[in-house]
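Everything below concerns the one structure shown next.
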Amino acid sequence: MTQAEVNDTNPEAQQPSAAVENAQDPSLDSLLSEYDETPKEAPQQESQPSAAQPTADMQAFMDRQIQKETTQAINESAKALRDAVGDTNLSERWFEGQLHVAANQDPRIMSAFNNRENNPGAWDSILNALGKELSKEINQAPTDSASTDSWNAVEASVHSASTSKVTESAPNYGAMTDAEFFSAKAKLR
């Protein structure tokens, strides 16, 4: 029996092609293509009575609330991005910065972030794809062992200098004998 006959009779033996595997793992660019800025015609709205304008206090409160919710969403996204990268010793603030950098470089990321409540699955997919790209960059960077060793030596010396401070207790002159007292007195001169 030939290999072709085995594959024809046993569908489980067939391996998925690389194209099929890549179709399951979309790239960041393909995920962001949904957020390309294409001019769309705005639907014509019929004239409606204008709503009451909020007061200055109400507007200030709404601005603070929006800022609070945005900050919380950025922090949650940074945490999700860190989880997508995997095991790393980088802080969530670093990942928050990477989100800002990515949004500045590609405005589609900002559009996807702003649309995250309408399509959370797409935002999660974008974070995972961005995390994979960051993971490649992090793992690609070579580690200079000499530099790492020197930093470890500096850290160890700073640690030992701050922890090896020995304090001498003051001598108890009342408990000394006359000979010990005169010896201690001679050392002070």
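What residue, among those in region 59-76 that are within 22 Å of Ile126 (Cα to Cα) and among the acidic types (Asp, Glu), is surrounded by the fewest Cβ atoms within 10 Å (Cβ to Cβ)? First the steps, then the outcome.
If we filter region 59-76 for residues that are within 22 Å of Ile126 (Cα to Cα), which is where we start, we get 69-76.
With among the acidic types (Asp, Glu) added as a condition, the list becomes 69, 76.
Numbers: Glu69: 11, Glu76: 13.
Among those that are within 22 Å of Ile126 (Cα to Cα) and among the acidic types (Asp, Glu), it is Glu69.
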Given the residues Leu81, Leu99, which is the only one that is closer than 17 Å to Leu28 by Cβ, crowded, with 18+ Cβ neighbours inside 10 Å, under 12 Å from the mean Cα position of the chain (by Cα) and in contact (Cβ under 8 Å) with a residue 40 or more places away in the chain?
Leu81
Test each condition in (1) small (Gly, Ala, Ser); (2) under 24 Å from Asp29 (Cβ atoms); (3) surrounded by fewer than 10 Cβ atoms within 10 Å (Cβ to Cβ) for Ser145 and report the one that comes out false.
(2)
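Name the single residue that is farthest from Ser135 (Cα to Cα) among those in region 102-114 being free of Cβ contacts under 8 Å to residues at least 24 places away in the same chain and hydrophobic (A, V, I, L, M, F, W, C). Before the answer, list the steps.
Of the residues in region 102-114, the ones free of Cβ contacts under 8 Å to residues at least 24 places away in the same chain are 103-105, 110, 114.
Right, trim to hydrophobic (A, V, I, L, M, F, W, C) and you get 103, 110.
Working: Ala103: 18, Met110: 21 Å.
Here the answer is Met110.
To keep it simple, each residue is scored yes or no on (1) more than 30 Å from Ser111 (Cα to Cα); (2) modelled with pLDDT of 80 or more.
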{"residue": "Lys136", "(1), (2)": "no, yes"}
{"residue": "Pro142", "(1), (2)": "yes, no"}
{"residue": "Thr148", "(1), (2)": "yes, no"}
{"residue": "Ser157", "(1), (2)": "yes, yes"}
{"residue": "Ala161", "(1), (2)": "yes, no"}
{"residue": "Glu168", "(1), (2)": "yes, no"}
{"residue": "Asn172", "(1), (2)": "yes, yes"}
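Residues of region 115-140 being charged (D, E, K, R) and touching a residue at least 24 places away in the same chain (Cβ under 8 Å), which ones? Don't jump to the end; show me each part of the working.
So the first thing to find is which residues in region 115-140 are charged (D, E, K, R), and the list is 116-117, 124, 132-133, 136-137.
Selection gives Arg116, Asp124, Lys132, Glu133.
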Within region 107-137, restricting attention to residues that are among the charged types (D, E, K, R) and under 20 Å from Thr71 (Cα atoms), which residue is nearest to the chain's Cα centre (by Cα)?
Asp124
When Ile138 is evaluated against the numbered criteria (1) hydrophobic (A, V, I, L, M, F, W, C); (2) surrounded by fewer than 11 Cβ atoms within 10 Å (Cβ to Cβ); (3) assigned to a helix (DSSP H, G or I), which criterion, by number, is the only one it fails?
(2)
Quick one: Lys68 ticks every box in (1) basic (Lys, Arg); (2) at pLDDT below 90; (3) under 25 Å from the mean Cα position of the chain (by Cα) except a single one, so which number is it?
(2)
Glu180 part of a helix (DSSP H, G or I), of a type in the set (Asp, Glu), exposed (fewer than 14 other Cβ atoms within 10 Å of the Cβ) and at pLDDT 90 or above:
yes
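The values are calculated or read from the model by the stated rules, or taken from the named source; none is laboratory data. As the structure is a prediction and not an experimental result, all values here were calculated from the model. Because the Cβ atoms are built from the backbone with ideal geometry, glycine has one as well, and the counts that use them run over all protein chains shown.
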